[in-house]
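The values are calculated or read from the model by the stated rules, or taken from the named source; none is laboratory data. Everything quoted here is computed from the prediction, not taken from an experiment. Reconstructed Cβ throughout: ideal geometry from the backbone, glycine too, with neighbour counts over all protein chains shown. Keep in mind that these areas ignore ligands, DNA and RNA; they rest on the heavy atoms of the full protein, side chains included. Shrake-Rupley method; radii C 1.70, N 1.55, O 1.52, S 1.80 Å.
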Amino acid sequence: MERETIEFDVIFAGGGPANLSSAIHLTNLIRKHNEDIDNGKHQGEKIDIEDRIAVLEKGAYFGAHNISGAVLIPDVLFELLPDHKERGCPIDAEINRESLYYLTGKGEIEVPFTPSFLNNHGNYFLSLSQFVGWLSKIAEKNKVMMLEGTAAVEILYEGSKVIGVRTDDKRLQENGEYETPGYILNSKVVVLGEGSNGTLRKSIVEKLHLDNGKAPSIYELGVKEIYELKSNPLQKGECIHTFGYPFRKGLSGGGFVYCISETRVVIGLIAHLSSEDPQFDPHKELQRYKQHPFINAIIKDGKPTHYGARTLPCGGYYSIPQLTSDGVLITGDSANLVDSRKLKGLHTAIKSGMLAAEVLFEAFKMNDFSATQLAKYEEKLKNSWIYSDLRQSRNFTPAVAMGIPFPGGPLLGFQMAAGGATPIGDLKTKPDYATTEDMKHFYGSASPEPMPKADDRIIVSKLTDVYFSGTAHDEKQQNHIHLKNNTVCKKCISDYKAPCTLFCPAAVYELEQDTIQVNFSNCMHCKTCDLKCPFQNIVWNLPEGGGGPRYSLQ
Ligand SMILES: Cc1cc2nc3c(=O)[nH]c(=O)nc-3n(C[C@H](O)[C@H](O)[C@H](O)COP(=O)(O)OP(=O)(O)OC[C@H]3O[C@@H](n4cnc5c(N)ncnc54)[C@H](O)[C@@H]3O)c2cc1C
Ligand code: SF4
Ligand code: SF4
């Protein structure tokens, strides 16, 4: 297939907060540098960036694939864009009230204090999809080429040096050819900011062994719904976190309720993919969560309007791979920079993007894009608050996964006093696919809780929720999800009862007469299946750009 080749200096693969902040910061630094030369403040060469820097985003528009809680610690936004409020940053509310509850089966106990890492006073509630849309407009104004609906599907190498990416082929025709072949985009540097478990990030980490000697990358799945309420018992800006119900053996994580406007609340759960339960189903658990009297009292006269799901990395400090190599940098969630103790990765994503931009700016000034220059990004990260915060959080996720309040609670208390250490040393983790137990081991003679009957108001079916996420793919493309071996599925169906039919938050996998059907059009790109199939039997490829969810408020 003939492909057009275009030359760039920097390609940002992925248009989330990490890479958009990086593109904005880089172009702001370059603009200031050029102005200083014009004004005679500095001597040197001006840097021409017209048509030299591009951001590729696989969503149909910037923000289409971005979902978060979202609570943003704003300090880093003041650093990136001090005048963000004047520039119309879409902030829903500033947090003015916060609480932490332990939920029992039917009741709740308010924790009399909020641990410092959950102190959210003054932080912003925002919709990540809207925030990303807003950041993209700023990058565009700064003359960054914004390529939405475009997936980077392959990293191009010369030996082990990254020299660019190939973009997706579009619209498969009956003769087996594509209407628009993808492009070869050559560039001096590729910045991978694909979010959690990025596909290109995974391929380069494997190819160049960037995670040698590191703890495994492990993940959580976040599912959330937005409710429109007739009467709202909460006040705008109120932030509630919960633990306890519905979490139990085989299901660990936390819940949240964010009141983002006079009439809207966000209800969500974050569940560790390290679950041993072969019938692990975070969407079902979200429905059970909403039946709890404490949550139900908030949403009882409301209706669901939006839904979304995405994994987030929670391995933190010990799981961060090498983040630079010849021709490439890795930012944000793709770098495993989420602080799971704070339940936040937006501030670290933005900061990592800014640090990458500072290194790229120096590279432009010295015309030195060598591996040695790019490696300064990793040094900067190690010397920043990101690494010191993540170090404090290094044992948080495995302690929560052990069970709260016992035995994980005392370990968390110890960590708070001991800068993240535990009395039994650093806690070890396993890759998420390796933790699932078979039905006999996990359930014995018991049975899984059934999905409560859907009424599509308090209990929402997966398919209705997929509708609320706006997800669709052009059916004229090849299925982007492949099952490697059907015989393996048969064994899994008999011993594990086909976990993919439950853990997928979008009902992509269905069991029909002992075989798995894949409804790829429903796929929300959360990446759970790539991580949690117990036999690693699922290959998730990047579909044509433009498909997937169409988030607007998530
Ligand atoms: C339910 C949930 C709740 C959360 N709550 C909070 C919170 O309250 N506060 C907080 O700080 N953090 C929160 N987080 C984490 C936070 O959302 C992430 O840390 C943050 O979004 C990471 O930013 P990013 O730019 O690295 O990745 P993303 O936001 O995931 O953006 C990556 C982008 O890259 C695109 N992309 C991926 N691969 C390609 C490719 N090959 N080609 C082209 N485009 C590609 C994706 O479509 C996406 O738009 C939450 C996460 C979830 C899932
Ligand atoms: S795809 Fe994976 S989880 Fe699904 S049935 Fe096959 S082996 Fe099991
Ligand atoms: S198919 Fe995989 S990536 Fe798509 S929604 Fe389901 S679990 Fe997520």
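Magnitude of the Cβ-charge dipole of the stretch 157-298, K/R +1 and D/E -1, about the Cα centre, nearest 20 debye? Don't jump to the answer; show the numbers that get you there.
Working: 18 positive and 18 negative charges, 81 e Å.
Magnitude of the dipole: close to 380 debye.
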- Normalising by the residue count of the chain, find the relative contact order in percent from Cα pairs under 8 Å and 6+ residues apart. 20 percent
- With a 1.4 Å probe and every protein chain kept in, tell me what percent of the accessible surface of the stretch 374-496 is carbon plus sulfur. 56 percent
- Task: Have a look at 513, 100, 331 and report the one farthest towards the positive end of the charge dipole of the chain, computed about the Cα centre with Cβ charges (Lys/Arg +1, Asp/Glu -1).
- Result: 100
- Task: Hey, can you grab everything whose amide H is under 5 Å from the amide H of residue 163? Only 5+ residues off in sequence or another chain; H modelled, so Pro and N-termini drop out.
- Result: 156, 157, 158
- Note on the structure: Applying the gyration tensor rule to the Cα atoms of the chain (axes a ≥ b ≥ c; rounded if a/c under 1.5, else prolate if a/b exceeds b/c, else oblate), the class is prolate
- Take the alpha carbon atoms of the stretch 263-333, find their center, do the same for the stretch 403-447, and report the distance between the two centers in whole angstrom. 18 Å
- Note on the structure: Measuring from its Cα centre, the chain shows a charge dipole (+1 at each Lys and Arg Cβ, -1 at each Asp and Glu Cβ) which, in debye to the nearest 20, is 1300 debye
- Task: Could you check the simple spin-label distance between residue 248 and residue 296, using points 7 Å along Cα→Cβ, in nm with one decimal?
- Result: 1.6 nm
- Note to self: with every protein chain in place and a 1.4 Å probe, the chain gives an accessible area per residue in Å² of 41 Å²
- Round to the nearest 0.05 the FRET efficiency obtained for residue 276 and residue 160 when R0 = 41 Å and r is the Cβ-Cβ distance. 0.60
- Task: Quickly work out the residue 387-to-residue 50 label distance, labels modelled 7 Å from Cα along the C-beta direction, and quote it in nm with one decimal.
- Result: 4.0 nm
- Note on the structure: As straight-line cross-link partners of residue 430, the qualifying lysines (C-alpha separation under 20 Å, not fewer than 8 residues apart within one chain) are 202, 214, 249, 527, 532
- Message: In the chain, once you exclude exposed chymotrypsin sites (Phe, Trp or Tyr not before Pro) (DSSP loop, at most 16 other Cβ within 10 angstrom), what's the longest stretch remaining?
- Response: 114-534
- Note on the structure: As a percent rounded to 5, the proportion of antiparallel DSSP bridges among beta bridges in the chain is 70 percent
- Task: First measure r as the distance between the Cβ atoms of residue 479 and residue 434, then evaluate 1/(1 + (r/R0)^6) with R0 = 35 Å and state the FRET efficiency to the nearest 0.05.
- Result: 0.85
- Note on the structure: Within the stretch 210-245, the residues whose backbone N lies under 11 Å from a label point placed 7 Å from the Cα of residue 371 along the Cα-to-Cβ direction are none
- residue 490 versus residue 441, label points 7 Å from Cα toward the beta carbon: distance in nm? 2.3 nm
- Assuming a ≥ b ≥ c are the square roots of the Cα gyration tensor eigenvalues, decide whether the stretch 1-65 counts as rounded (a/c under 1.5), prolate (otherwise, with a/b larger than b/c) or oblate. oblate
- Task: Report, in whole Å, the centroid distance computed from the Cα atoms of the stretch 1-80 and the stretch 128-203.
- Result: 14 Å
- Task: State whether the stretch 307-459 is rounded, prolate or oblate according to the following rule on the C-alpha gyration tensor (a ≥ b ≥ c being the square roots of its eigenvalues): a/c under 1.5 gives rounded; otherwise a/b larger than b/c gives prolate, and the remaining case gives oblate.
- Result: prolate
- Item | Potential extension, residue 83-residue 511 segment - 0.36 nm per residue separation minus Cα distance | 148.8 nm
- Item | Top positive-direction residue, dipole computed over the chain with Cβ charges, set 352, 215, 11 | 215
- A chain fully extended from residue 539 to residue 457 at 0.36 nm per residue, minus the present Cα-Cα distance, gains in nm 26.1 nm
- Answer with one residue from 533, 504, 523: the one whose Cα lies farthest towards the positive end of the charge dipole of the stretch 482-554, charges on Cβ with Lys, Arg +1 and Asp, Glu -1. 533
